[in-house]
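Below you'll find the structure, written out as structure tokens, and then a few comments.
The values are calculated or read from the model by the stated rules, or taken from the named source; none is laboratory data. Please read all numbers here as calculations on a predicted model, not as lab measurements. Counting neighbours? That spans all protein chains shown, and the Cβs are built from the backbone with ideal geometry, glycine included. When the accessible area is computed, the model is the full protein with side chains, heavy atoms only, and any ligands, DNA or RNA have been set aside. Shrake-Rupley method; radii C 1.70, N 1.55, O 1.52, S 1.80 Å.
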Amino acid sequence: TRESYEKLKASGDKANAEITAYQTDLEVKQKDLLRNQRMQHAMMEAEKILSDGGVRSYVLARYLPKFNETLKKYLSMMGAEFTFSFNKEFEDVVDDRFRSSFSYSSLSSGQKSRVNFATTFAFMDFGEKRNDTKANFILLDEALENGLDDEGKQSLLKIITKAEIAHV
């Protein structure tokens, strides 16, 4: 009858309203899901870029050989009878033809000083070449009292003079 019909129609209207609400809710959730999937993808890409195989690896692969060449040049200028470089993990690699299993910690204080100064000057050169900035000030606290022999001290002073650093 008419009353049954009205009840059934009201029930149908209510069901249609619920379906419409569920569809709207589904659309919102689908948009949220899509946004979250995009964000997850972006975060995974960022993780790849920032991982050891990403930017760090690219920078080291590109610039480390040049840096190591410059480091070798300064060590040679300072009379070092060994080579020192950094590997792709930026760990020190020391090569001495008279010893095996050689590391920075096994160097004498004079050899460590040579490595430290050579590394400092190599970084200065690197900064100058990459950024067109020249260091005009360097602070070397007790630089000549750190185990360098006379040849090392003379070499250090030659490098500083040649670098034309205004204030040492």
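The table for this structure:
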{"quantity": "The range 43-71 residues that are within 20 Å of N116 (Cα to Cα), paired with ones that are open to solvent by 50 Å² or more (accessible area, probe 1.4 Å) (beta carbon under 6 Å, 6 or more apart)", "calculated": "L60/K88; F67/F126"}
{"quantity": "Qualifying residue in the range 48-70 (condition: in a helix (DSSP H, G or I), at pLDDT 85 or above and under 20 Å from D149 (Cβ atoms))", "calculated": "no"}
{"quantity": "Exclusive hit being open to solvent by 70 Å² or more (accessible area, probe 1.4 Å) and either more than 27 Å from Q154 (Cβ to Cβ) or not charged (D, E, K, R) (or both), set L60, L33", "calculated": "L33"}
{"quantity": "Members of the range 107-158 found to be touching a strand residue (DSSP E or B) at 6+ places or on another chain (Cβ under 8 Å), over 17 Å from L71 (Cα atoms) and open to solvent by less than 80 Å² (accessible area, probe 1.4 Å), listed by number", "calculated": "I138"}
{"quantity": "Residue selected from the range 91-105 under the condition at pLDDT below 75 and in a loop (DSSP other than H, G, I, E, B), by the criterion least open to solvent (accessible area, probe 1.4 Å)", "calculated": "S100"}
